[in-house]
1. Tell me which residues come under 5 Å, amide H to amide H, from Leu314 once H is placed; ignore anything under 5 positions away on its chain.
2. Under 20 Å Cα-Cα from Lys145, which lysines qualify once same-chain neighbours fewer than 8 residues away are excluded?
3. Take Ser317, Ser202, Ser75, Ser208 and order them by how many other Cβ atoms sit within 10 Å, fewest up front.
4. So if we plug the beta-carbon distance of Met107 and Asp231 into 1/(1 + (r/R0)^6) with R0 = 45 Å, what FRET efficiency do we get, rounded to 0.05?
5. For region 111-232, how big is the tail of P(r) above 22 Å, as a whole percent of Cα pairs?
6. Convert each backbone phi in region 272-286 into a coupling constant with the Karplus relation 6.51 cos²θ - 1.76 cosθ + 1.60 (shift: θ = phi - 60°), then list the ³J(HN,Hα) values in order as whole Hz, x for Gly and Pro.
7. With labels modelled as points extended 7 Å from the Cα through the Cβ direction, what inter-label distance (nm, one decimal) is found for Phe32 paired with Arg325?
8. Compute the distance in nm between two label points, each set 7 Å from the Cα along the Cα-to-Cβ direction, one at Val242 and one at Asp283.
Amino acid sequence: MNPVVKFFRIRIYKAVLLLFIILIIGVLGYRFIADYPWIDALYMTVITMTTVGFSEVVPLDAESKIFTIFLILASVVIVGYALSIITEYILSKNDVEELKQKRMQKMIDSFKNHIVICGYGRNGKQAARKLKAYNKQFVVIEKNKEMTERMQIDDIPYVIGNANEDEILIAAGVNRAACFISALPNDADNLFVVLSARQLNSEINIISRASNESSYDKLKFAGANNVILPDKIGGDHMASLVVVPGLMEFIDNLSIVGKSDINVEEIAVEKLYNTKDLKTIKDLDLRRKTGCTVIGYKDENGDYIVNPEAELTLVPSSKIIVLGRPEQIAVLNSLYNID
């Protein structure tokens, strides 16, 4: 159930309960204090609560008048409260989206070192699905309001607006984010958004989509750390399935979809040991401890070494890439408290 609707429903139930309680008190009071018949007691209670101004069924004695005063005062407060709740709910039905967006914006404002995805098309949606599988905090920027319902169904934090505007990027927390993914279908839009994101956060890691190879250098120059050409990757993959089908089938089966079935993990060396005392891959002895095998190394400059030697020294700010079965990766993550 929508949290906003649930909130109002609880308040309406509370108001109805209070009205029912005051109605019961009124009926019982007139029945036993004024000695009215049940139907007359109900009638007097209703006209008193609604303050319609009809006269008493039978003239009231002093005790009955004091009770009526109490009932009128209590009814004014409770009926007024109920009417205010119902009125607020009716008026707010047209603003439910705004209320939900405010609530979501408050949540987004609490994010730090998160990922911002610009565009919820095919590429953006796939990126969001994988990040969600990894339990990563992320926000989607989407200018098409028709996508709102889809993102709500997918339980995706989002900001509606044009990413070309700095206000929208700031609302998504680009200035606090660790990574920015620009997955817009138009290269010119991606170029402008990358420039804006880089200007707002000089340290952010920017990954941009590109449709044309001619846009690659421009996006890199604009500040993108990585530029992905989906069509080129797709074509290369299909050709590889023809040239080396067995190898590609093996690579496709290396699952990196979610934490429960991951086969490949990238780990900062700082999480593996105290880098004040430098160690080698051999010193870590990950194969014996976890069953995982080190298949790659990324040095402090960002350069990769495939199948590094066991005697390679692991320096600060570098990373290793390990391969293993899901249960072996789970042991690795548990052993070194890797989130």
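None of the figures in this text is laboratory data; all of them are computed from the coordinates on show. Computed from a predicted model, the values in this text were never measured in an experiment. Positions of Cβ are generated from backbone atoms using ideal geometry, with glycine treated the same way; all protein chains shown enter the neighbour counts.
1. Those lying under 5 Å, H to H, from Leu314 are Lys279, Thr280, Ile281.
2. Lys93, Lys100, Lys102, Lys106, Lys125
3. By the 10 Å Cβ count, ascending, the order reads Ser202, Ser317, Ser75, Ser208.
4. 0.80
5. 26
6. Going residue by residue, I get 9, 6, 6, 6, 5, 10, 4, 10, 9, 4, 5, 5, 5, 6, 5 Hz, with x marking Gly and Pro.
7. Each label point lies 7 Å from its Cα, and together they span 7.4 nm.
8. Those two pseudo-labels are separated by 4.9 nm.
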